[in-house]
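Here the structure comes first, spelled out in structure tokens, and everything after it is commentary.
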Amino acid sequence: MKGLKGTGVAIVTPFRNDSSVDFAALGRIVDHVIKGNINYIVVLGTTGESVTLTKDEKRAVVSYVQETTDKRVPVIVGMGGNNTQEIINNIRHTDFSGIDGILSVTPYYNKPTQKGIIQHFKAIATCSPVPVILYNVPGRTSSNISADTCLALATECDNITGIKEASGDMNQILRIIKGKPENFSVISGDDMLTIPLIAAGGVGVISVLANAFPSQCADLVANCLKNNFRVAREIQFRMLELTELLFTEGNPSGVKAMLNARGLCQNILRLPLVPVSRNTYSRIQKAIEEFNK
């Protein structure tokens with residue numbers, strides 16, 4: 001986990017018609033992304049609709065992903081929330097065999113101060129037997145990990161090894177990259193910002209689009225890391241409309257429509273999320289057809 005680089009995929013949780021977890025489809029998607037040369041898998045993240053899964057379903061999904069990956073790539077598990085003690089209890093009751101790290105989102109709804117955020121993540125890092133990646137996505141949480149807070153955690157907690165940055169604030173991201181310890185990874189949490197973030201010194205992306213187009217996303221990141229930004233731009237421009245359509249009606253509604261159009265899973269989400277409109281689905285189908293020409 002030290003110096004984590006490349007393309008991670010925030011994997012979806014497929015469902016059947018009765019809303020139960022579709023493990024067969026999950027296995028197909030895991031094999032699909034690994035064959036597409038992604039570098040690691042993130043399970044139970046936002047894209048995985050983790051907040052609508054029961055504790056038993058979460059354990060089953062993680063276990064199935066571990067079994068299916070069979071150590072071919074690292075597995076990172078989402079473990080975050082707005083109740084610090086509950087997260088600690090969850091960590092203490094988790095078997096971390098085959099889990100390489102955890103991704104922990106900023107506490108949402110409570111709106112903690114920066115001091116509260118620091119104490120929250122220090123408590124998690126202290127009890128976690130595996131490395132912790134911070135996840136900053138203020139558009140969803142209404143709580144931002146400031147650059148100073150991130151750098152304090154990166155410097156003071158050996159077990160906090162990186163941050164998935166999805167604030168969209170390049171000034172903040174640049175301040176983190178400038179001041180971070182050498183072995184602390186700054187990872188894009190936004191497919192659209194992968195190129196500028198890596199150009200500034202980031203190490204990769206935890207991607208939504210890579211569920212559907214893993215090899216292209218992996219190629220884009222690999223070229224960025226080799227400073228082949230001309231080639232990376234060409235790839236991103238080809239995928240531009242697809243990336244835009246991912247988020248037209250929210251995530252993971254867009255990517256599940258995309259995966260359905262590619263025959264990898266059913267287009268089913270759990271409430272309060274719903275599938276994209278018929279118009280957006282048609283646009284996704286057309287964009288995939290154009291991309292494959």
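Give the residue, chosen from ALA152, ALA147, that is farther than 16 Å from LEU103 by Cα, in contact (Cβ under 8 Å) with a residue 24 or more places away in the chain and either open to solvent by less than 10 Å² (accessible area, probe 1.4 Å) or in contact with a strand residue (DSSP E or B) (Cβ under 6 Å, 6 or more places away or on another chain) (or both). First the steps, then the outcome.
Working: ALA152 fails: either open to solvent by less than 10 Å² (accessible area, probe 1.4 Å) or in contact with a strand residue (DSSP E or B) (Cβ under 6 Å, 6 or more places away or on another chain) (or both).
ALA147 is the lone residue from the list that is farther than 16 Å from LEU103 by Cα, in contact (Cβ under 8 Å) with a residue 24 or more places away in the chain and either open to solvent by less than 10 Å² (accessible area, probe 1.4 Å) or in contact with a strand residue (DSSP E or B) (Cβ under 6 Å, 6 or more places away or on another chain) (or both).
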Q. Which residues, counting only those in segment 95-126, are at pLDDT 95 or above, polar (S, T, N, Q) and open to solvent by 40 Å² or more (accessible area, probe 1.4 Å)?
A. THR113, GLN114, GLN119, THR126
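Considering segment 127-142 alone, what residues qualify as being touching a helix residue (DSSP H, G or I) at 6+ places or on another chain (Cβ under 7 Å) and among the small types (Gly, Ala, Ser)?
Our first condition is that a residue be touching a helix residue (DSSP H, G or I) at 6+ places or on another chain (Cβ under 7 Å); within segment 127-142, this holds for 127-128, 132, 134.
SER128, the sole residue that qualifies.
For segment 267-282, give me each residue that is without any contact (Cβ under 8 Å) to a residue 60 or more places away in the chain, in a loop (DSSP other than H, G, I, E, B) and buried (at least 16 other Cβ atoms within 10 Å of the Cβ). Talk me through it step by step, then tell me what you get.
Taking segment 267-282 first, the residues without any contact (Cβ under 8 Å) to a residue 60 or more places away in the chain are 267, 272, 274-282.
Narrowing the set further to residues that are in a loop (DSSP other than H, G, I, E, B) leaves 267, 272, 274-277.
Of everything in segment 267-282, those that are without any contact (Cβ under 8 Å) to a residue 60 or more places away in the chain, in a loop (DSSP other than H, G, I, E, B) and buried (at least 16 other Cβ atoms within 10 Å of the Cβ) turn out to be ASN267, PRO275, VAL276.
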**Q.** All positions within segment 173-190 that are open to solvent by 20 Å² or more (accessible area, probe 1.4 Å), over 18 Å from the mean Cα position of the chain (by Cα) and touching a residue at least 24 places away in the same chain (Cβ under 8 Å)
**A.** LEU174, ARG175, ILE177, GLY179, LYS180, PRO181, ASN183
Q) Out of (1) within 15 Å of ALA10 (Cβ to Cβ); (2) open to solvent by less than 60 Å² (accessible area, probe 1.4 Å); (3) among the hydrophobic types (A, V, I, L, M, F, W, C); (4) assigned to a helix (DSSP H, G or I), the odd one out for VAL51 is which? A) (2)
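Open to solvent by 40 Å² or more (accessible area, probe 1.4 Å), within 15 Å of the chain's Cα centre (by Cα), free of Cβ contacts under 8 Å to residues at least 40 places away in the same chain and more than 21 Å from GLY78 (Cα to Cα): does that describe LEU193? Before the answer, list the steps.
Values: open to solvent by 40 Å² or more (accessible area, probe 1.4 Å): yes; within 15 Å of the chain's Cα centre (by Cα): yes; free of Cβ contacts under 8 Å to residues at least 40 places away in the same chain: yes; more than 21 Å from GLY78 (Cα to Cα): yes.
So LEU193 fits the description; yes.
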Q: Collect the residues in segment 178-221 that are in contact with a Cys (Cβ under 8 Å, 6 or more places away or on another chain), under 17 Å from ASN251 (Cα atoms) and not in a strand (DSSP E or B), keeping them in residue-number order.
A: ASP191, LEU209, ALA210
Q. Taking segment 250-266 as the region of interest, how many residues are open to solvent by 40 Å² or more (accessible area, probe 1.4 Å) and part of a loop (DSSP other than H, G, I, E, B)?
A. 3
Q. What number goes with the only condition from (1) open to solvent by less than 10 Å² (accessible area, probe 1.4 Å); (2) at positive phi that ILE160 does not pass?
A. (2)
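So is ASP56 among the acidic types (Asp, Glu), farther than 19 Å from LEU259 by Cβ and in a helix (DSSP H, G or I) or not?
On the way: among the acidic types (Asp, Glu): yes; farther than 19 Å from LEU259 by Cβ: yes; in a helix (DSSP H, G or I): yes.
Yes.
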(Q) Being acidic (Asp, Glu) and buried (at least 21 other Cβ atoms within 10 Å of the Cβ): is that true of ASP219 here? (A) no
**Q.** Single residue of segment 58-74 satisfying the filter (under 10 Å from GLY98 (Cα atoms) and out of contact with any strand residue (DSSP E or B) (no Cβ under 7 Å at 6 or more places or on another chain)) that is least open to solvent (accessible area, probe 1.4 Å)
**A.** SER63
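The values are calculated or read from the model by the stated rules, or taken from the named source; none is laboratory data. If you're wondering where the values come from, they're calculated on a predicted model, not measured in any experiment. Methodologically, a virtual Cβ is constructed for each residue, glycine included, from the backbone with ideal geometry; neighbour enumeration extends over all protein chains shown. Note: areas computed on protein heavy atoms with side chains; ligands, DNA, RNA excluded. Shrake-Rupley method; radii C 1.70, N 1.55, O 1.52, S 1.80 Å.
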